[in-house]
2 protein chains.
Amino acid sequence: MTVQIAGVASTQFGEHPSSSTRELFTDAALAALADASLSPGDIEELYAGNFIGDLIDDQAHVGAMLADYVGARRAASMRTESACASASSAARCGVHAIEAGNADVALVGGVEMMHASGIQEVTDALANAADNEYENAAGLTFPGIYALMAQVYMDEFGVGHEELAAVAVKNYENGTANPIAQRQEETDVESVLESPPVAAPLHLQDCCPVTDGASAAVLVSEEYAEDRGLETEVSVAGSGQASDSLALQDRPDLARTRAAERAAEDAYERAGVSPEDVDVVELHDCFTIAEILAVESLGFFERGEGARGAVDGETAVDGRIPVNTSGGLLAKGHPVGATGVAQIVEITKQLEGRHPNQVADPRIGLSHTVGGSGASCVVTVLEGGA
Amino acid sequence: MTVQIAGVASTQFGEHPSSSTRELFTDAALAALADASLSPGDIEELYAGNFIGDLIDDQAHVGAMLADYVGARRAASMRTESACASASSAARCGVHAIEAGNADVALVGGVEMMHASGIQEVTDALANAADNEYENAAGLTFPGIYALMAQVYMDEFGVGHEELAAVAVKNYENGTANPIAQRQEETDVESVLESPPVAAPLHLQDCCPVTDGASAAVLVSEEYAEDRGLETEVSVAGSGQASDSLALQDRPDLARTRAAERAAEDAYERAGVSPEDVDVVELHDCFTIAEILAVESLGFFERGEGARGAVDGETAVDGRIPVNTSGGLLAKGHPVGATGVAQIVEITKQLEGRHPNQVADPRIGLSHTVGGSGASCVVTVLEGGA
């Protein structure tokens, strides 16, 4: 049973001071349904990623809440949570439900409202993705965790901050063409290096912003798309999800994300493709170092050579393997519970030829979403021309 | 692709002052794997329900954490959350993953550590399952929500507290035979009525206790069970999950759980059975009134007649339709993130003929788990004799 993507949408990413979790998700869901030419009553399954809503707004049980507000009260609904990969897990559940023959229409998505709270509260809430007993208790939060990974990587492969900064320069530039992106201004290597230090070697422009946003995608069975006459062009070719130790301290190599390697291996195998076949990528650049680790885990660069991508233009929109044409988490923004489906939204638009940073005739797209420091990872391969 | 249950286990339910979320779940998971004659490395997918771990212990991302500690780091892992139905949602995802042909072995389960926190903190955390904007803000917490449902029901159908109390009397008695049950003493109608009032008309013995506990089940594909020579006797015949308004105020009838009716309708249809075919039931008796509403939603009693079940002995272990032979949430206990799979554990043992309150030759079993006041509900039909 091939699963097709009938419609996608993201809200504006940034600050939504007068909105709420339920309102923002409903906006994205209704826009995705309109894009699919379907109605809320068509939804049979609803899977929604949300990470810190209960911690910040005292609201859990958001699957049911979102089904209620979208107007899909009859649907099966649940929240999925894999930290920053929560929405990718939602998408994977939706794909399974359809592939299992249990549903024809699944709405998958995610939402996060982060701005209403202070930066300290958000940082503390996000730290729930790390190991509370062994990391948070030692004072580690995520900028520090990724800084440790960056330090090991830079030391092992002789990479400097200038090369990390090239990732931000590329993604900021991409973001300026994407109307939903939170950051709408370019930067340069010098500005990244001179931005305020956060956790050595990472400075402010090495880090993704705090973002309000929601994304949704309507997944349908091939048969349903035919019966309803839906114009679907993109299908889910395969996905992989894998895990690793929760705490960084338990990993033999801090500069390597094994969950991503495993998830990619499974996704490639299920999709019947190899890294060379991939035409466009949205990956988890929560920090500049994360993009470098990711392009290696996904097989686009050899170990230790990932920094070359942004420096030499290989990952540019017109490069060998375009990465984060949306602006990525660094510029588009990172509403953590929504990010995985936000990536699928961007890849779908690329494969449908309607992306603001359109690459030339892509056929295979890939999304890569990391939970925490890499304790979980989801890789999804999409195929155009359905 | 038929999904079979290869092994099940629950920890002791009650107080585990020297354990933790990761330890308790690992205990249940390893016991379920042993029951299945499988190893942690065999797990391809891990879905775990957990509701208030982040709120109480600052630990989210528990899917990955549990995969890590169980020894299944390569597995896909995620947390599912549908309030008190979180583990049932986990089970449903595991079934879909196998039915989709994406995995042969899924570990599904759930865990909740509730005792370490005070009753006020637990009550506040559980209130995250209700509508924070429209219910919690008005001072409603769950005993109050179910008390409202009870008041409407009792008024509409002329039912007294004595009839609600009969549910507690039955389930307490069943619990005394179940070694894992938290409450190990019988009660009588008078004791229920004289127990401390909580929210009129509900008294303390109308309410489930605060519980630490974990449960796990190993799901396998039929083909895998054959290849590995596993002795499986129980299969998943069908499941349904549905939603309703998050807030009680939006429902036309407070004394009716429509999500349960819809979930049951879907589960019966998929399993190809009707209520008359069901031989044994574990259902969501978080409060005495909840069992009465549930037996009606599931089609075992006409509307307004559910109280008859416990009063007349129709829902007793040797009755027409045995309900909560485990002791149910009222006596076995209710570790919220684990409850749905805990019910599946009990039903599996019944269908395998190894339950401490064994009913005579059951062939079809059913579990029913409610999220919040009924904004979500999962119904799972299991079949023996696989």
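Summary table below
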{"item": "All aspartates and glutamates inside 16 Å of B:Lys349 as judged from Cα atoms, apart from same-chain residues fewer than 8 positions distant", "result": "B:Asp35, B:Glu231, B:Glu233, B:Asp279, B:Glu282, B:Asp361, B:Glu383"}
{"item": "Simple label model, 7 Å out from Cα along Cβ direction - A:Glu223 to B:Glu231, nm", "result": "3.8 nm"}
{"item": "Pairwise FRET efficiency - A:Ser37 versus A:Phe157, Cβ, R0 = 51 Å, nearest 0.05", "result": "0.55"}
{"item": "Gyration tensor verdict on region A:292-374 (Cα atoms; rounded if a/c is under 1.5, prolate if a/b is larger than b/c, oblate otherwise)", "result": "oblate"}
{"item": "For region B:275-327, alpha-carbon Rg relative to the globular expectation (2.2 N^0.38 Å, N residues)", "result": "0.97"}
{"item": "Helix B:161-175 axis, angle to chain B major axis (alpha carbon atoms, nearest 10°)", "result": "30 degrees"}
{"item": "Residue (of A:Gly158, A:Ser86, A:Ala127) at the positive-pole extreme of region A:34-172, dipole from beta-carbon charges", "result": "A:Ser86"}
{"item": "Shape metrics for region A:152-295, restricted to C-alpha atoms - Rg then Dmax, Å", "result": "18.7, 57"}
{"item": "Taking chain A and dividing mean pair separation by its residue count, relative contact order in percent (alpha carbons under 8 Å, at least six apart)", "result": "26 percent"}
{"item": "Computed P(r) (all Cα pairs; region A:74-124; 5 Å bins; percent)", "result": "4, 18, 22, 19, 14, 9, 6, 5, 2"}
{"item": "Spin-label pair A:Ala116/A:Ala138, simplified geometry with 7 Å Cα→Cβ offset, distance in nm", "result": "3.5 nm"}
{"item": "Cα coordinate range in region B:53-94, projected on the principal axes (Å, largest first)", "result": "27, 26, 11"}
{"item": "Helix A:142-157 axis, angle to chain A major axis (alpha carbon atoms, nearest 10°)", "result": "60 degrees"}
{"item": "nm² value of the averaged projected area, convex hull over the Cα atoms of region B:45-148", "result": "7.7 nm²"}
{"item": "Other copies of A:Gly139: label-to-label distances in nm, shortest first, labels 7 Å along the beta-carbon direction", "result": "4.4"}
{"item": "Distance histogram for chain B (every C-alpha pair counted, 10 angstrom bins, percent rounded to whole numbers)", "result": "6, 27, 37, 24, 7, 1"}
{"item": "Relative contact order (%) - region B:1-122, alpha-carbon pairs under 8 angstrom, separation at least six", "result": "32 percent"}
{"item": "Longest to shortest principal axis, alpha-carbon extents of region B:1-71, angstrom", "result": "38, 24, 21"}
{"item": "Area projected by the alpha carbon convex hull of region B:211-359, averaged over all directions, nm²", "result": "9.9 nm²"}
{"item": "Label spacing, shortest first and in nm, from B:Pro17 to its equivalents in the remaining copies (7 angstrom along Cα→Cβ)", "result": "4.9"}
{"item": "Angle between chain B longest axis and helix B:339-351 axis [Cα atoms, degrees, rounded to 10]", "result": "70 degrees"}
{"item": "Inter-copy label distances at B:Arg363 (7 Å, Cα→Cβ; nm, one decimal)", "result": "5.3"}
{"item": "Per residue, the convex hull volume that the Cα atoms of the protein assembly as shown enclose (Å³)", "result": "131 Å³"}
{"item": "Projected label distance in nm at A:Glu23 and B:Arg354, using a 7 Å step from Cα toward the beta-carbon", "result": "5.5 nm"}
{"item": "Residue-averaged beta-carbon neighbours from other chains (10 angstrom radius) around B:238-251", "result": "5"}
{"item": "Of the trypsin sites (Lys or Arg not before Pro) in region A:278-386, those whose Cβ has at most 16 other Cβ within 10 Å and which sit in DSSP loop", "result": "A:Arg303, A:Arg320, A:Arg354, A:Arg363"}
{"item": "20 Å cut-off, amide nitrogen to a point 7 angstrom out along A:Ser274 Cα→Cβ, residues in region A:361-375", "result": "A:363-367"}
{"item": "For region B:135-194: span of alpha carbons on each principal axis (Å, largest first)", "result": "39, 29, 18"}
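Every number here is computed from the coordinates shown, using simple stated rules; none is lab data. Nothing here was measured: the structure is a model prediction, and the numbers come from that model. All Cβ positions, even for glycine, are placed from backbone atoms using ideal geometry, and neighbour counts span all protein chains on display.
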